[in-house]
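Written below as structure tokens is the structure these notes are about.
The values are calculated or read from the model by the stated rules, or taken from the named source; none is laboratory data. Model, not experiment: these values are computed from the prediction. Cβ: placed from backbone, ideal geometry, glycine included. Neighbour counts: every protein chain shown.
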Amino acid sequence: MHWLAVSELSIPSGDSWLSETERARQATMRFTKRRTEYRLRRYAGKRAVSALLGRPITNAHLATVELLNRPGGAPYVRLDGREVDFDVSLTDRAGWAIGLVGPAGSMAGSLGVDLEIVEDRSAGFVADYFTPAERTYIHSCGPHGSEGYAVAANLLWSAKESALKVLRVGLRADTRSVEVTITPTPDDAGWAPMHVTGPHGLSFPGYWRRDGVFLLTLAFRTTASPPTLMGGGDDIARGIPMHSWLTQPLAPGAATT
Ligand SMILES: CC(C)(COP(=O)(O)OP(=O)(O)OC[C@H]1O[C@@H](n2cnc3c(N)ncnc32)[C@H](O)[C@@H]1OP(=O)(O)O)[C@@H](O)C(=O)NCCC(=O)NCCS
């Protein structure tokens with residue numbers, strides 16, 4: 001398993017690094033936030049796949065690494081026009097994105113990644129979206145409004161999203177149908193184990209890490225080692241959350257009616 005992080009500031013200008021299919025999808029997005037996030041996740045995925053395969057990262061080469069979506073939204077990779085035989089998962093938050101790629105032969109639905117930041121989550125959010133055991137854990141980390149509460153709520157939320165990406169259902173599922181258990185102590189590389197149990201005896205081992213204000217979770221279909229960070233990306237440990245779209249909510253050229 002391999003991962004790579006990129007910041008919004010690294011996205012190439014123009015569209016020549018996107019494939020025709022990706023450009024057509026981008027053109028359907030009217031709001032800058034959606035467009036920027038789409039581009040950012042594409043860039044993370046393309047860079048991760050290129051690093052994994054040792055491919056050049058010129059715009060022309062990046063355009064041949066396509067990050068496309070199944071009808072339900074799950075991503076897959078097409079390389080030089082042909083589908084590859086490894087799984088991929090994408091996520092972005094606040095101007096940063098992660099591409100996670102599995103080894104050759106990894107089946108679709110073998111991994112999921114999600115990125116969040118440490119931010120306030122309301123008591124109603126925690127009451128509505130978490131199981132009783134998860135709520136007990138969150139409250140044991142501190143009162144509402146404390147850093148401990150915010151970290152626990154966002155971490156558990158992220159772990160749920162990662163597991164629901166492995167299941168390829170995303171937030172169509174009831175978030176209480178999966179339950180997260182966290183191990184607090186990270187290894188030397190910053191990864192700590194976590195575990196998500198799902199319906200029908202499903203079980204997703206995984207890892208989480210905190211880099212500055214960012215919380216990153218990974219869930220797998222089967223037990224795996226922590227992923228390897230590939231070279232060439234941006235350093236999320238020094239990352240500052242960005243919300244650049246706020247100054248220009250509508251994408252340039254988007255119809256205003
Ligand atoms: C999966 C989901 C929870 C992620 O939402 P999010 O946390 O806001 O966004 P993230 O940045 O973490 O992840 C987005 C990426 O998740 C992936 N994703 C989307 N749906 C997915 C699914 N069903 N299974 C696995 N991964 C999925 C995609 O790669 C997406 O990025 P892309 O569209 O640029 O390829 C959310 O998109 C979802 O619930 N999707 C399914 C339901 C839905 O609304 N589908 C509409 C599209 S058909």
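If you go through the range 199-209 and pick out every residue that is in a strand (DSSP E or B) and away from the ligand (no atom under 14 Å from the Cβ), you end up with 6.
Here 7, 16 are screened, and the one residue that is under 18 Å from residue 96 (Cβ atoms) and of a type outside the set (A, V, I, L, M) is 7.
Is it the case that residue 106 is within 16 Å of the ligand (Cβ to nearest atom), polar (S, T, N, Q) and either more than 21 Å from residue 220 (Cα to Cα) or outside any strand (DSSP E or B) (or both)?
yes
Considering only the range 136-170, state which residues are loosely packed, with under 12 Cβ neighbours inside 10 Å and either part of a helix (DSSP H, G or I) or within 16 Å of the ligand (Cβ to nearest atom) (or both). Once the filter is applied, which keeps residues that are loosely packed, with under 12 Cβ neighbours inside 10 Å and either part of a helix (DSSP H, G or I) or within 16 Å of the ligand (Cβ to nearest atom) (or both), the range 136-170 yields 136, 140, 147.
Between 133, 97, 127, the distinction of being near the ligand (Cβ under 10 Å from one of its atoms), at pLDDT 95 or above and not charged (D, E, K, R) belongs to 97 only.
Restricting attention to the range 78-94, which residues are within 12 Å of the ligand (Cβ to nearest atom) and without any contact (Cβ under 8 Å) to a residue 40 or more places away in the chain? Matches in the range 78-94: 87 only. For the range 174-198, filtered to residues that are out of contact with any Lys or Arg (no Cβ under 9 Å at 6 or more places or on another chain) and among the hydrophobic types (A, V, I, L, M, F, W, C), the residue that is surrounded by the fewest Cβ atoms within 10 Å (Cβ to Cβ) is 182. Scanning the range 110-123 for residues that are over 17 Å from residue 214 (Cα atoms), more than 10 Å from the ligand (Cβ to nearest atom) and within 18 Å of the chain's Cα centre (by Cα) turns up at least one hit. Scanning the range 210-247 for residues that are over 18 Å from residue 52 (Cα atoms) and of a type in the set (Asp, Glu) yields a count of 1.
Consider the range 171-198 and keep the residues that are more than 29 Å from residue 237 (Cβ to Cβ) and assigned to a loop (DSSP other than H, G, I, E, B). The one that is nearest to the chain's Cα centre (by Cα) is 173.
Checking 161, 134 one by one, the residue that is more than 20 Å from residue 92 (Cβ to Cβ) and acidic (Asp, Glu) is 134 and no other.
Residues in the range 19-77 that are farther than 21 Å from residue 98 by Cβ, touching an Asp or Glu at 6+ places or on another chain (Cβ under 9 Å) and in contact (Cβ under 8 Å) with a residue 60 or more places away in the chain: how many? The number of residues fulfilling the criteria is 0.
Taken across the range 55-64, residues that are away from the ligand (no atom under 11 Å from the Cβ), in a loop (DSSP other than H, G, I, E, B), modelled with pLDDT under 95 and basic (Lys, Arg) do not occur at all.
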